[in-house]
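Read-outs throughout are calculated quantities, based only on the coordinates presented, and are distinct from any laboratory measurement. Just so it is clear, the structure is predicted and the values come from calculations on it, not from any experiment. Neighbour counts are summed over all protein chains in view; Cβ atoms, including those assigned to glycine, are modelled from backbone coordinates with ideal geometry.
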Amino acid sequence: MATVDALLLAPGAGADRESPALVAVEQAVGVPVARMDFPYRKEGRKAPDRAPKLIAAVLEEAAALATTAGVAPERIALGGRSMGGRICSMAVAEGLPASALVLMSYPLHPPGKPEKLRIEHFPQITVPCLFIGGDRDPFGAPDELEHHTAAIAGPVTHVWVSGGHSSKGQDPHIATTVAEWLASL
């Protein structure tokens, strides 16, 4: 069983570390949390950088969290909303130590483009994964996500909430779900 001693959360492409969903999760979990901003946000730009730069930022933030929280890197859970969660999952697939992944509103594909899947890295993921998504998310319907996450080597849990890609109105429920799931590992 994985033990989670800290949590790193990354925002979606259009948000920052103050995203209400990330703040709600931080307040609900009983471990140290770091909410990060990606470099483009820190530089005042709206368009995300390419994946390698985003992944490098996750590596830096995870190392900083391990140091400040005084925990082993493999005891940190990583994740976030939409793009932030996706980038964390890519970093873990590339070898970043982690105890688990928390993926809220995972962007399986761009809206209306189900052929442009973002799943190449799934088979390299070996840690427990929690996917929380809206039952009407245009970035990936529940049946699509459940089908494609079967490629993940680690155990996968799916939780569906009412709504689309936004977590508006669902943050308290999502935060409680994350806290309970992390505590169960």
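Filtering the range 105-130 to residues that are in a strand (DSSP E or B) and closer than 16 Å to residue 87 by Cβ leaves only 129. Scanning the range 35-68 for residues that are out of contact with any Lys or Arg (no Cβ under 9 Å at 6 or more places or on another chain), under 28 Å from residue 184 (Cα atoms) and of a type in the set (A, V, I, L, M, F, W, C) turns up 55, 58, 59, 62, 63, 64, 65. Annotation for the range 159-177: at least one member residue is closer than 18 Å to residue 78 by Cα, in contact with a strand residue (DSSP E or B) (Cβ under 9 Å, 6 or more places away or on another chain) and in a helix (DSSP H, G or I). Please enumerate the residues belonging to the range 80-95 that are in contact with a Gly (Cβ under 7 Å, 6 or more places away or on another chain) and among the charged types (D, E, K, R). 81 - this is the single residue of the range 80-95 that is in contact with a Gly (Cβ under 7 Å, 6 or more places away or on another chain) and among the charged types (D, E, K, R). Only residues that are over 19 Å from residue 74 (Cβ atoms), small (Gly, Ala, Ser), under 13 Å from the mean Cα position of the chain (by Cα) and not in a loop (DSSP other than H, G, I, E, B): list them for the range 7-38, please. Residue satisfying the conditions is 21 alone. Considering only residues in the range 105-156 that are surrounded by 15 or more Cβ atoms within 10 Å (Cβ to Cβ) and among the β-branched types (Val, Ile, Thr), the one that is nearest to residue 78 (Cα to Cα) turns out to be 127.
Output the residues belonging to the range 39-62 that are among the basic types (Lys, Arg) and in a helix (DSSP H, G or I). So that I can check it myself, show each step before the final result.
So in the range 39-62, the residues among the basic types (Lys, Arg) come out as 41-42, 45-46, 50, 53.
Residues satisfying the conditions are 41, 42, 53.
Of all the criteria given as (1) in a strand (DSSP E or B); (2) more than 16 Å from residue 75 (Cα to Cα); (3) among the hydrophobic types (A, V, I, L, M, F, W, C), the one not satisfied by residue 102 is (2). Being in contact (Cβ under 8 Å) with a residue 60 or more places away in the chain, of a type in the set (Gly, Ala, Ser), out of contact with any Ser or Thr (no Cβ under 9 Å at 6 or more places or on another chain) and under 23 Å from residue 123 (Cα atoms) is the requirement here; does residue 100 meet it? Against the criterion (in contact (Cβ under 8 Å) with a residue 60 or more places away in the chain, of a type in the set (Gly, Ala, Ser), out of contact with any Ser or Thr (no Cβ under 9 Å at 6 or more places or on another chain) and under 23 Å from residue 123 (Cα atoms)), residue 100 qualifies.
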